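The values are calculated or read from the model by the stated rules, or taken from the named source; none is laboratory data. Values in this document were obtained by computation on a predicted structure and should not be read as measured data. Counting neighbours? That spans all protein chains shown, and the Cβs are built from the backbone with ideal geometry, glycine included. Accessible surface is based on the protein model in full, side chains and every heavy atom, while ligands, DNA and RNA are left aside. Shrake-Rupley method; radii C 1.70, N 1.55, O 1.52, S 1.80 Å.
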Amino acid sequence: MVLGQPIEGLKGVARAKTRQKIPVVLTREEVQAVLQGLDGLYWLAACLMYGSGLRLMECLRLRVMNLDFLRCAIYVHNGKGGKDRVVTLSDELIVPLQRHLENRRQTHDKDLADGLGSVYLPHALARKYPNAPTEWAWQYVFPSSRRSIDPRSGVERRHHFDEKAIQRAMKQGIHKPVSCHTLHSFATHLLERGMDIRTVQEQLGHEDVRTTQIYTHVLNRGGNAVVSPLGAVLSG
């Protein structure tokens, strides 16, 4: 029905199929060039997105408690599809992240000394845990450099870092149409190294493995990344 009027003669008409687009994937050298063009929080956030397969908002919404340095893991809550998952934390980022959090802790302590330091908590958590908004574990890993008034509550606090600023920084120094999502080249690079597709699917939080299979279409190898057994036979 359109504008309240029934439409006749549409029985048996098939829905148009959504055209599947092959994603823009960077080579390892191009990822290296992108990362070398970034510094500070931009570099650290981009490394996390590439190294752990995080989406932009999954990265920016990370809380301190979501980082597990002992297990080299990151706990993603309410990620793609509203689901939780655990992804790998690269060994190379442990020390930079720990140093970043040390500086971040000093800023948080100063906010507390100013009578502030609370952070937004979703889903009525603030009511359930009244002390949680000011606790260190709940603070954003990537907070804004400035405090602002939260329009939802009127409370002065630090929101997470501005996603648009990171997107702008990502577009520098490379000819391909690069965005933060392009760092999902992580998936293709894992598959190139022989990682099984189900593991990559879990890392990215794809509900359907067919979504992950898109990244096999741009591998440097043919045949959907199937590794021929001939080499093992000849060398054995």
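Remark: pairs (first residue in segment 196-207, within 17 Å of His181 (Cβ to Cβ); second residue outside any helix (DSSP H, G or I) and hydroxyl-bearing (Ser, Thr, Tyr); Cβ separation under 9 Å; 6+ apart in sequence or on different chains) = Gln203/Thr88. Answer yes or no: is there a residue in segment 135-151 that is in contact with a helix residue (DSSP H, G or I) (Cβ under 6 Å, 6 or more places away or on another chain), open to solvent by less than 30 Å² (accessible area, probe 1.4 Å) and of a type outside the set (Val, Ile, Thr). Within segment 135-151, one or more residues are in contact with a helix residue (DSSP H, G or I) (Cβ under 6 Å, 6 or more places away or on another chain), open to solvent by less than 30 Å² (accessible area, probe 1.4 Å) and of a type outside the set (Val, Ile, Thr). For the criterion of being within 21 Å of His160 (Cβ to Cβ) and at pLDDT below 85, Gly9 fails.
The residue list His123, His108, His189, His181 contains one member that is at pLDDT 90 or above and either surrounded by 11 or more Cβ atoms within 10 Å (Cβ to Cβ) or under 19 Å from Val64 (Cα atoms) (or both), which is His108.
If you go through segment 38-51 and pick out every residue that is touching a residue at least 60 places away in the same chain (Cβ under 8 Å) and over 11 Å from Ile166 (Cβ atoms), you end up with 2. Among the conditions (1) open to solvent by less than 60 Å² (accessible area, probe 1.4 Å); (2) modelled with pLDDT under 95, the only one that Leu101 does not satisfy is (2). Considering each residue of segment 69-80 in turn, none proves to be assigned to a helix (DSSP H, G or I) and at pLDDT 90 or above.
Across segment 192-236, the qualifying residues are those that are open to solvent by less than 30 Å² (accessible area, probe 1.4 Å) and within 15 Å of Arg28 (Cα to Cα), and the one among them that is modelled with the highest pLDDT is Tyr215. If you check Leu93 against the conditions, is it open to solvent by less than 20 Å² (accessible area, probe 1.4 Å), at pLDDT 85 or above and under 29 Å from Arg157 (Cβ atoms)? Spelling it out, Leu93 is indeed open to solvent by less than 20 Å² (accessible area, probe 1.4 Å), at pLDDT 85 or above and under 29 Å from Arg157 (Cβ atoms). So in segment 12-47, with the set limited to residues that are at pLDDT 75 or above and not in a helix (DSSP H, G or I), which one is least open to solvent (accessible area, probe 1.4 Å)? It comes out as Leu26. Just checking, how many residues over segment 109-131 are under 25 Å from Leu54 (Cα atoms) and in contact with a helix residue (DSSP H, G or I) (Cβ under 9 Å, 6 or more places away or on another chain)? Total satisfying the criteria: 4.
Close Cβ contacts (under 7 Å, 6 or more residues apart or on different chains) running from residues in segment 52-68 that are closer than 18 Å to Val95 by Cα to residues that are of a type in the set (Gly, Ala, Ser) and open to solvent by less than 10 Å² (accessible area, probe 1.4 Å) comprise Cys59/Ala45.
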